[in-house]
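Read through the structure below, which is laid out as structure tokens, and then see the notes.
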Amino acid sequence: MSQSHVSYAQILETNNLMQNCSDETYWLCVTRTVQESKLFPVPAYMMLSYLMAFYRYPSLLRKIETRLLAEEIGDRARNMGMKIQNPSMGWALPGFYLLGREWLINMGLLKPTDAIEDIIYVMNFWKRFQLSSHRNDGHITNKEFGHRAQLLPERRLQVFHADMFDCIAGDGLHSAAQAFMAAASQYGFLIPCESRISMCNSGPYKIADDREMVVRDFMDLSESDFPWLDDIATDVPHNNVTVTMAVKDCHFHLMDDWGSFESKPEFKPEQLVGVGLYTSDHLSDGYVPLGMNSREELISTFRLLEEKVRDATTRLWKRIAAWKRDQMIDAGAIVYFAIIKDLAHIAGVYEVDDWMKVDERAERFRPLLNDEFSRDALGELVGLVSHPSQQVMEYTMAQHSNKPTRMYTNIPYSVLQGEPCTATCGPLHSGITNLASKKDAYRTTRGILTLAEYNRLSREWVPPLLTDKYRFLCDTWVKYHAGTPLADELYHLEQDKSRKLKGKGSRLRRTDVDRLLNDRHVVLHGLARHRDRGAFAGRGGGPAARRCHRRQVHVDGSGASGATRRVFTRLCRSAREHRHERGVWSI
Amino acid sequence: MTKLYVDSDKFGYQAASPTVEAFHGAIKDLVRSKLATLGGDWNSFVFEKSYELITADDMRKIEKLLIDAGHRFDWSAAISPRERPDIYKPAAGVSDASISTFSFRHPEAKTAPPDKDGRELCGAGDNVASYPTNTVGVARYIRTPDKVLQFLTEGVPVETIAVIDDSGGTLTAPILAHFKAVICAGGTVRSHLGILTREWGVPCLMNAKISGIHDGDTVELEVTAVAKTAEAYQTGVEMTANVWRLKKA
């Protein structure tokens, strides 16, 4: 077609979204690291993956939305540590697609006016997903939030916070947790062929004046989608593992859209003072605790997982070291392109040929991908930003480099006044692979499933917290409805698997959780509560009770005059009655 | 010849890399000629006929143009020159035979003759994490999957300080935890290898500019030095840790 039916507003928004991605991609690429490996031809597979993304994402995302909308999947993302976290969705989805577009423009195979309905659709899908998955912090990306990722609702954070076990450098739990995270990180770089996309950090969350919590996800660890893990990762008992970390005297000032962090002072292992362990996927009821019944059980769980992961690392490395170059390129390109594959799993429309094959349209360019051309073309695309299409008027000062460059080419507005354009790159084409066929076995929280079973369960299951009854009960609603039966129901669902918070309800605040964890607090506050049990237990009860509470704790009840004491008594009785009616929880 | 949309670029002229420019220039020539066969009908070309008109064989011919002109490509993955030695520059210092005489010789390596304690400065690198004491061990070059497989099979020799020119985290994946320390000639403290050595608690210097260290030399790494910070990279501040040779192999 030569014309399209897009609006001015759609192009305005799309170009805005693209340029936000442009600025952040540049920053991430130049401040992170050079992608290189003696084992994998990394730039070669990355360039191929970008073309795969350009040709396939529009069709695959439309297919996904036949079952679930982007914003519905975004809701699911907050409920688990599956691979639709920020590296996949916050950055890679638009990034890979747009990098493919930009490269094709520079080869003369595409005009900026081509596939404009695809571009608008992909960016709109991304926006809706991001706004939904980030709805708690109200931003579209970590970058927009000043490199911060506070995705989780209070009820989940309280469970993470309360159920962590304390540890200190050198003790059994600290050593076991550190060893597991090191082994999982090692494995997590190998599975995705020398990229960091199997791991994601989010947060930080303030859990005490001197402590922050970071949530670390390790994803796609077991036999699931990647053929190269078949018969290698069989014994890895969980596909996704989430580690919650409490860190003392260390502020995580940066949590980027690649899921990596920076802190001041620099995070060191001895600052790790608490850990928890979970697994999850879209078939689980949120995060399922692993070995969290006791400290000893958690230590042995970390040790067992470390052993399994280290064994899988060695076996996988040997398999990969025996591969041909084309197999390495296939695996790398597939793992990059398929970084958003879990969208299809969640929607229950996953097909191996959609995600584990190199699209024949992209495959045409494989003969170009020697190490040198790939390195230079990639470096120009994301680091130097020196391809011809990326040069703009000399007055321009790019956000980070001050150079007259722009990573992604805008859609020209001239298409609205008749400049010829095309709408879409067309439907899915077939694909090829040099890798072994995928075994029909997928490790999930429901056990090892065939793909047919997996898709069926995916279509049927809605996690209770995401049913229509609770889906829109956000933290803002809870702020004004804490203690109501519905709010308590909501919190009870989240607390059901908690060791410390089961049944505690919705009035709980962070300091209450902290008291559970801190003997000093329990002793100190326990003394105050003991003097007026009932009236001052827990939090809440309205302004009068809170004033009364502060007064009582501060003056220790001894300095009040007779008149003041009578006022206090009356206020406190009122507060007690009020709180009793609302079913206040007390620790 | 048919003109392409990108032929009218006001600000962009050519790629910075000659190799990229050569490839892209050849592809654009190809597109112009194929588009001409359709009478310049872009809309039928771009997402329909181009899939048949622009083929993998065309891309092979473009690569051959450069090879026939005498160009040989740089390589980064060991598999690349192994499979196609005809198109890549020769790989030095990767075989067992050549490794005994090989050493990194960075032109900016900070070197000095042995001091009164016999420590010969051989360069410096960016310290990933600070440790209470310096690390002493035996330098062993690890530059190929074959070497990793050998150590995986026979066990990593004790006291091994791995000397690596790959800042990735996969080449040495199954044996990294067994190193006493790592000297990496590339990357930054935030590279995959830097991240992993920090996680394992293996002392490591990244972006090491070293010269003259041979396989089997006993070396000392100044890992008591302050770890290089993100700010130091962004502001260009030098924060390095020294590498000394204590004894030749």
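Each value in this text was obtained by applying a stated rule to the coordinates, not by laboratory testing. The shown structure was predicted, so the numbers you read here are calculated from the model rather than taken from an experiment. Neighbour counts are summed over all protein chains in view; Cβ atoms, including those assigned to glycine, are modelled from backbone coordinates with ideal geometry.
Summary table
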quantity	calculated
Least to most buried among B:SER130, B:SER50 (fewest other Cβ within 10 Å first)	B:SER130, B:SER50
Set A:LYS403/B:LYS110; B:LYS89/B:LYS147; A:LYS206/A:LYS268; B:LYS209/B:LYS248 screened for pairs whose C-alpha atoms are more than 29 Å apart	A:LYS403/B:LYS110
Cross-link pairs beyond the 22 Å C-alpha cut-off, checked among A:LYS341/A:LYS439; A:LYS111/B:LYS28; A:LYS324/B:LYS49; A:LYS469/A:LYS504	A:LYS324/B:LYS49
Stretch gain in nm, segment A:ALA322-A:HIS251, where the contour uses 0.36 nm per residue and the Cα spacing is subtracted	21.2 nm
Alpha-carbon centroids, the stretch B:51-66 and the stretch A:204-239: separation in whole Å	42 Å
Dimensions (Å) - the protein assembly as shown, Cα atoms, principal axes, largest first	102, 79, 55
Cα gyration tensor shape of the stretch A:34-104, rounded if a/c is under 1.5, else prolate or oblate by comparing a/b with b/c	oblate
Exposure proxy ranking, count of Cβ atoms within 10 Å, fewest first, for B:ARG190, A:ARG510	A:ARG510, B:ARG190
Sequence of B:SER80, A:SER300 once ranked by neighbouring C-beta atoms within 10 Å, starting from the fewest	A:SER300, B:SER80
17 Å Cα-Cα reach of A:LYS127 towards lysines, excluding residues that sit fewer than 8 places from it in its own chain	A:LYS143
Computed over the stretch A:257-362, the ratio Rg/Rh where both radii use C-alpha atoms and Rh is Kirkwood	1.05
For chain B: Kirkwood Rh in Å [reciprocal of mean 1/r, alpha carbons]	21.3 Å
Hydrodynamic radius of the stretch B:5-73 per Kirkwood, over alpha carbon pairs, in Å	13.4 Å
Residue range of chain A that is longest and free of chymotrypsin sites (Phe, Trp or Tyr not before Pro) which are both DSSP loop and sparsely packed (at most 12 other C-beta within 10 Å)	A:1-394
Sparse-neighbour loop sites [GluC sites (Glu not before Pro); the stretch A:291-333; at most 14 other C-beta within 10 Å; DSSP]	none
Average other protein chain Cβ within 10 Å of Cβ, residues B:226-235	2
Calculated FRET value between A:SER294 and A:TYR480, using beta carbons and R₀ = 60 Å, to 0.05	0.95
